[in-house]
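Engineer: Below is a structure I'd like to ask you about.
The values are calculated or read from the model by the stated rules, or taken from the named source; none is laboratory data. These numbers come from a predicted model, not from an experiment. Here Cβ is always computed from backbone atoms with ideal geometry, including for glycine, and neighbour counts include all displayed protein chains.
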Amino acid sequence: MRIASRVIGTVLVATLLTQLSACGSIFFPDRRGQIEGRIDPLIAGLDAIGILFFVIPGLIAFGVDFTTGAIYLPPSKTAQIAPEKLREAITADGQVDTLKLQAILKTELGQTLPLNDPRLIQQKGNLQQLAMYNLRPAA
């Protein structure tokens, strides 16, 4: 009976250690398959905690996360629109027409952005930006 409980305990501990050994693979399975990028500090920290408490599982966690690519942050998406197309959204007095801007963004990016959201922070441009669009500031 004593040997059976030791075997069951050993199997249980081994199973838990292998399940917890790769934090990135567990928390972000959609990141698997990446081969490079910026390292996610959250996953690296969790793997480092594994090294602090249990050296071998921590090293295995780093190895698994680097091998699968789950330790890397996902690549950021960027979108650019030509300034000539954005000129249509600027009125003669230098104000931005949000409806026209939203229509331009919809056609160019294929996404509808909530430009009327009260949490949206709008920043004013400077004179060089207005000159780039052949506009003069109006007081």
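Engineer: Would you please list the contacts, defined by Cβ atoms under 6 Å and residues six or more apart or on different chains, that run from a residue in region 112-134 that is of a type in the set (A, V, I, L, M, F, W, C) to a residue that is modelled with pLDDT under 70?
Structural biologist: LEU130/PRO137
Engineer: For ILE104, all conditions in the list (1) modelled with pLDDT under 85; (2) part of a helix (DSSP H, G or I) hold save one; what is the number of the exception?
Structural biologist: Every listed condition holds for ILE104 apart from (1).
Engineer: Among the residues of region 56-65, are any at pLDDT below 80 and exposed (fewer than 14 other Cβ atoms within 10 Å of the Cβ)?
Structural biologist: yes
Engineer: Can you name the residue in region 26-43 that is in a loop (DSSP other than H, G, I, E, B) and within 12 Å of the chain's Cα centre (by Cα) and is also surrounded by the fewest Cβ atoms within 10 Å (Cβ to Cβ) among such residues?
Structural biologist: The selected residue is ARG38.
Engineer: Next question, about the same structure. Listed residues ILE39, ILE43, ILE71; which is touching a Cys at 6+ places or on another chain (Cβ under 8 Å), β-branched (Val, Ile, Thr) and modelled with pLDDT of 85 or more?
Structural biologist: Just one listed residue meets the conditions, ILE43.
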